[in-house]
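Participant: After the structure tokens below, expect a handful of questions from me.
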Amino acid sequence: MEVLRAIRRAVYIYPGSRKPIRKLCQLGSTEEELLKALDLEIEVVR
């Protein structure tokens, strides 16, 4: 759980768009493995 708490995300709000765009900041290998094990696919900011 502590590793999952360390995951940060960026929120982009573009003028004229109704919904914000959420992306994960750069992940470590352990964090990527945990998200895959939980069957979560989230776009990552590099």
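Participant: Which residue is farthest from ALA10 (Cα to Cα), if the candidates are limited to segment 22-43 and must be in contact with an Asp or Glu (Cβ under 9 Å, 6 or more places away or on another chain) and open to solvent by less than 80 Å² (accessible area, probe 1.4 Å)?
Facilitator: Among those residues, the one meeting the criterion is LEU35.
Participant: Continuing with this model, one more query. Can you tell me which residue among VAL11, VAL3 is outside any loop (DSSP other than H, G, I, E, B), at pLDDT 85 or above and either surrounded by fewer than 11 Cβ atoms within 10 Å (Cβ to Cβ) or out of contact with any strand residue (DSSP E or B) (no Cβ under 9 Å at 6 or more places or on another chain) (or both)?
Facilitator: Going through VAL11, VAL3 in turn, just one is outside any loop (DSSP other than H, G, I, E, B), at pLDDT 85 or above and either surrounded by fewer than 11 Cβ atoms within 10 Å (Cβ to Cβ) or out of contact with any strand residue (DSSP E or B) (no Cβ under 9 Å at 6 or more places or on another chain) (or both): VAL11.
The values are calculated or read from the model by the stated rules, or taken from the named source; none is laboratory data. From a predicted model like this one, the values you see are computed outputs, not experimental measurements. Neighbour counts are summed over all protein chains in view; Cβ atoms, including those assigned to glycine, are modelled from backbone coordinates with ideal geometry. All accessible areas refer to the heavy atoms of the entire protein, side chains included, with ligands and DNA or RNA removed. Shrake-Rupley method; radii C 1.70, N 1.55, O 1.52, S 1.80 Å.
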